[in-house]
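Here the structure comes first, spelled out in structure tokens, and everything after it is commentary.
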Amino acid sequence: MQALRRRRTPVSGAELAQEIDVSLRTLYRDIASLQAMGAEIEGEAGVGYILRPSLLLPPLMFSEEQIEALAIGAQWVARKTDDGLAQAARDAIAKIAAVLPDDLRERLHDDALRVGGRPIEKLGLDLTLARQAMREERKLQIAYVDPDGRRSERVIWPFVLGFMESTRLLVAWCELRTDFRTFRTDRFEHAELLPDRFPRRRRDLAKQWREQLLSDSASPLA
């Protein structure tokens with residue numbers, strides 16, 4: 001199930017069998033069993049298997065290392081992102097803890113593994129607004145101060161939000177520059193969500209930006 005969840009495109013039976021170290025015959029039997037339990041696994045000769053998102057199965061048990069990874073991840077989100085995501089991480093951990101046996105629940109709240117560093121100051125752009133703009137593919141009207149102190153009014157199409165160790169970066173298409181730009185969120189003076197939608201899909205913008213990164217050095221700061 002995990003091997004299928006990690007993929008967004010079909011994967012061959014041979015590749016799956018090799019990854020989980022079983023024979024093809026065993027793989028076919030296991031997939032048939034999962035399908036009988038309700039897993040919407042689709043398979044076609046010459047194409048491969050893909051797991052559809054409407055899957056309803058009982059929760060799978062976590063290993064101790066998976067529990068530790070979840071706990072560390074939740075700590076990092078709480079310290080390095082925004083209030084909305086921090087609360088979502090705490091809620092997710094609480095839901096996971098509710099269905100774990102006692103010994104693993106203790107591992108989830110064990111403080112032996114800690115995320116260090118100071119939390120990033122909650123200044124500048126409201127990241128909840130930025131995430132809403134990206135989800136809904138809506139433009140932002142912003143007032144921004146560049147590294148030289150120059151203030152500008154812009155309309156941007158945000159599509160990537162990056163959480164660095166000491167700052168946060170928003171990557172967007174900038175209508176003022178007619179190009180991709182990287183904005184430091186602490187330099188935003190104002191941001192307003194507009195009703196206007198992106199003329200292009202967010203995934204397409206991200207794909208073009210990544211391709212440009214490969215041909216150039218980086219997306220320039222605004």
Pick from Leu113, Leu140: which is of a type outside the set (Ser, Thr, Tyr) and either out of contact with any helix residue (DSSP H, G or I) (no Cβ under 9 Å at 6 or more places or on another chain) or crowded, with 18+ Cβ neighbours inside 10 Å (or both)? Leu140
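To keep it simple, each residue is scored yes or no on (1) surrounded by 13 or more Cβ atoms within 10 Å (Cβ to Cβ); (2) aromatic (Phe, Trp, Tyr).
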residue	(1), (2)
Phe180	yes, yes
Asp186	yes, no
Ala191	yes, no
Arg210	no, no
For a quick check of your reading: which helices (runs of 4 or more DSSP H) sit entirely within segment 1-53 and have at least 1 residues that are in contact (Cβ under 8 Å) with a residue 40 or more places away in the chain? 2-5
Given (1) out of contact with any Phe, Trp or Tyr (no Cβ under 6 Å at 6 or more places or on another chain); (2) surrounded by fewer than 19 Cβ atoms within 10 Å (Cβ to Cβ), Cys174 misses just (2)
Matching residues in segment 112-145 - criterion: being more than 17 Å from Leu161 (Cβ to Cβ) and modelled with pLDDT of 90 or more: Gln141, Ala143, Val145
When segment 125-180 is examined, which residues are found to be in a loop (DSSP other than H, G, I, E, B) and over 15 Å from Ala191 (Cβ atoms)? Glu137, Asp146, Pro147, Asp148, Gly149, Arg150, Met164, Glu165, Ser166, Thr167, Arg177, Thr178
If you take the residues of segment 60-95 that are touching a Phe, Trp or Tyr at 6+ places or on another chain (Cβ under 8 Å) and either in the same structural domain as Arg168 (by TED's automatic domain parsing) or in a helix (DSSP H, G or I) (or both), which of them is farthest from Ser166 (Cα to Cα)? Leu70
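The values are calculated or read from the model by the stated rules, or taken from the named source; none is laboratory data. Treat the numbers as computed from the prediction; the structure is a model and nothing was measured. Every residue, glycine among them, receives a Cβ derived from its backbone with ideal geometry; neighbour counts consider all protein chains shown.
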